[in-house]
Amino acid sequence: MLPAPRWLTTKPWRPRTSAPPVSVDTSPLVASLGQLRPLQMRQVRRSADEELFNALLAQYHYLGYQQPVGAHLKYLVWGAGRPLACAAWASAARHLGPRDRFIGWSAAARRRNLRLLAYNTRFLILPWVAVPHLASHVLARLAARLSADWQQLYGHPIYFLETFVDPARFRGTCYRAANWRVLGRTTGRGHNARSMRPTQPVKEILGYPLVADFRARLMSTMP
């Protein structure tokens, strides 16, 4: 028989991938991008709007919400007084063959400079929002400010962005329209895979350099 618990909590247990539901206006929003400008893009990590961000992803993104581990930023996009989109960024994958070959860095340079990459873990246009070109516009705007926001919070810039697109579900049109480049495909094996067989969906890898000399900066092993 197990001993009696030493402490109890009144907080309800929730899986790590959940977030409390939120009530928002879900009536259709059909407009042009020009009609909604200027859009407001707020970095909401450690702010009063972080719970709203988490809840919107949990309720409306097909992958749900998962609290990131390590360095990360969260953005809410607003227009006409309503939330329109969510975008989450986190630390990049340690090993990614097509990306590593595209950059051309050595193993030592990758270990030193991986922190200078950011991974777009979630991107959501809320399902009732019908605004042509909104997604690519948001991606371009976020790319223009992400490095400065990362520098402010973590003390170093970002030189390269990456993301994954599941081709069985999406074409990645908004990324291509925002000048992201297809680098290749994943192997479908997780980092803890015990065989060479795919165990996960194969995804396209897309990348976006934030500076013209990104290769020189990322390939450097100098302090």
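Listed by first and then second residue, the pairs linking a residue in the stretch 131-145 that is among the aromatic types (Phe, Trp, Tyr) to a residue that is in a helix (DSSP H, G or I) and modelled with pLDDT of 95 or more, with Cβ atoms under 7 Å apart and 6 or more places separating them unless they lie on different chains, form an empty list. In the stretch 29-49, the residues that are in contact (Cβ under 8 Å) with a residue 60 or more places away in the chain reach residues that are in a loop (DSSP other than H, G, I, E, B) and surrounded by 16 or more Cβ atoms within 10 Å (Cβ to Cβ) with C-beta atoms within less than 9 angstrom, at least six apart or across chains, in these pairs: Leu29/Leu126; Leu29/Val131; Val30/Val131; Ala31/Val131; Ser32/Val131; Leu33/Leu39; Leu33/Val131; Leu36/Val131. Taking Leu39, is it aliphatic (A, V, I, L, M) and modelled with pLDDT of 95 or more? Yes. In the set (1) outside any strand (DSSP E or B); (2) aliphatic (A, V, I, L, M); (3) out of contact with any helix residue (DSSP H, G or I) (no Cβ under 8 Å at 6 or more places or on another chain); (4) in contact (Cβ under 8 Å) with a residue 12 or more places away in the chain, Ala109 fails one condition alone, (3). Would you confirm whether or not the stretch 78-86 contains a residue that is at pLDDT 95 or above and under 14 Å from the mean Cα position of the chain (by Cα)? Checked against the condition, which is being at pLDDT 95 or above and under 14 Å from the mean Cα position of the chain (by Cα), the stretch 78-86 yields at least one hit.
Filter the stretch 44-70 down to the residues that are in a loop (DSSP other than H, G, I, E, B) and among the hydrophobic types (A, V, I, L, M, F, W, C) and list them by number. Steps first, answer last, please.
Initially, the stretch 44-70 is screened for residues in a loop (DSSP other than H, G, I, E, B), giving 44-49, 61-70.
Hits for the stretch 44-70 are Val44, Ala48, Leu63, Val69.
The values are calculated or read from the model by the stated rules, or taken from the named source; none is laboratory data. All figures in this text were calculated on a predicted structure; none of them were measured in a lab. Glycine also receives a Cβ, built like all others from the backbone with ideal geometry; neighbour counts cover every protein chain displayed.
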